[in-house]
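Report on one structure; see the data block that follows.
The values are calculated or read from the model by the stated rules, or taken from the named source; none is laboratory data. Computed from a predicted model, the values in this text were never measured in an experiment. Cβ placement follows ideal geometry from the backbone for every residue including glycine, while neighbour counts extend to all protein chains displayed.
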Amino acid sequence: MARPKIALIGGGQIGGVLAQLCALRELGDVVLFDIVEGLPQGKCLDIAEASPVDGFDVELRGTNDYKDIEGANVVIVTAGLPRKPGMSRDDLIEVNSKIMRQVSEGIKQYAPDSFVIVISNPLDAMVTLCQRITGFPYNRVIGQAGVLDSARFASFIAWELGVSVKDVTAMTLGGHGDDMVPLVRYASVNGIPVMELLEKKYKDKAKAKEVMEAMVKRTRGAGGEVVALLKTGSAFYSPASSALAMAESILKDQKRVLPTCAFLDGEFGVKGYYVGVPCVLGANGIEQIIEFELDAEEQAMMDKSVAAVKGLVDTLKD
Ligand code: APR
């Protein structure tokens, strides 16, 4: 049986890490596309020459021709500019919209049956544009943001409590911006509420609340924290790992429940917009959107985040 084919559009920082991760995990053959001549070819050759050392049997091909993505099962889009210090993700909308339009046309023409995972920012707007231009059904065009935002939240909790990240469950909802909604009430260590553990640690409810609020704030600004340190671009290892988890769940029909930027049709009180919510990802892409009750405070935060997404998406011209 032929190996799955994974097309990566954008061969920059995230694209390069994605190609290497796909190879190391033998997830499928990789086509890395970029408009810069030599860049994707060079990266693929470099990764492929490590195959005898790492022991993987997949093909890697760099290209500047969309034709080479033909037959791709999954397409992951990272084409577009990353932000620099002082910029918000929303500042990228004008330049990245132009890029996303070209990319979406290429995907529509050459990989019409693919599942598309968008990473380019501003995420909620870029995935909206990609779906509109490809015209693919909503279950096949999704965005990666929540897996990463949730992983950041989980990392901070694990570090604070001195426990393994493997035992922390944490999730964020909403848009991929400063108003995202880290769900404090559902954050747990093997099912034990994190707030309970913080109260035990500090023997003080107010202090526990303060520590949690600091972690929520850090989660919301975590992308910017990396940008400020790197100075030349934005995070790339963690976004690549996060998108790969989504691609793997689809390719292997794992049906993992992952926070996904998905098109909502009334769920969580949102109609007609892409927003981050938990979804079952399997062989049919989004197979279920998992809706659950938010309390009044969570719903208010969700509404604020959705309002920010709407404000940005509504600026997109047709
Ligand atoms: N078609 C294809 N690729 C393009 C196009 C285009 N029209 N325009 C630019 N690119 C390529 C660039 O040549 C570059 O190699 O997109 C790549 C982007 O790579 P980086 O600049 O290294 O950015 P990266 O860190 O990978 O982030 C990509 O993901 O998280 C988001 O905010 C981030 O929007 C950014 C995107």
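Go through Glu287, Glu248, Glu297, Glu293 for me and flag whichever is outside any loop (DSSP other than H, G, I, E, B) and surrounded by fewer than 12 Cβ atoms within 10 Å (Cβ to Cβ).
Glu297
Among (1) out of contact with any Gly (no Cβ under 6 Å at 6 or more places or on another chain); (2) in a strand (DSSP E or B); (3) within 11 Å of the ligand (Cβ to nearest atom), where does Arg61 come up short?
With respect to (1) out of contact with any Gly (no Cβ under 6 Å at 6 or more places or on another chain); (2) in a strand (DSSP E or B); (3) within 11 Å of the ligand (Cβ to nearest atom), Arg61 is out only on (3).
Can you confirm whether region 302-317 contains a residue that is surrounded by fewer than 22 Cβ atoms within 10 Å (Cβ to Cβ) and over 21 Å from Asp90 (Cα atoms)?
Within region 302-317, none of the residues are surrounded by fewer than 22 Cβ atoms within 10 Å (Cβ to Cβ) and over 21 Å from Asp90 (Cα atoms).
Tell me, which helices (runs of 4 or more DSSP H) lie completely within region 126-229 with 3 or more residues that are of a type in the set (Val, Ile, Thr)?
Because the criterion is at least 3 residues that are of a type in the set (Val, Ile, Thr), the helices (runs of 4 or more DSSP H) in region 126-229 that meet it are 205-220.
Does Gly28 count as within 18 Å of Val116 (Cα to Cα), of a type outside the set (S, T, N, Q) and either within 11 Å of the ligand (Cβ to nearest atom) or at pLDDT below 95 (or both)? Break it down stepwise before answering.
Details: within 18 Å of Val116 (Cα to Cα): yes; of a type outside the set (S, T, N, Q): yes; either within 11 Å of the ligand (Cβ to nearest atom) or at pLDDT below 95 (or both): no.
Taking the combined requirement at face value, the residue does not satisfy it.
Among the numbered conditions (1) under 18 Å from the mean Cα position of the chain (by Cα); (2) in contact (Cβ under 8 Å) with a residue 24 or more places away in the chain, tell me where Glu225 comes up short.
(2)
Can you tell me which residues in region 157-174 are out of contact with any strand residue (DSSP E or B) (no Cβ under 6 Å at 6 or more places or on another chain) and either buried (at least 24 other Cβ atoms within 10 Å of the Cβ) or basic (Lys, Arg) (or both)?
Lys166, Ala170
Scan region 84-125 for residues that are part of a loop (DSSP other than H, G, I, E, B), surrounded by fewer than 19 Cβ atoms within 10 Å (Cβ to Cβ) and away from the ligand (no atom under 11 Å from the Cβ) and jot them down.
Matches in region 84-125: Pro85, Gly86, Pro112, Asp113.
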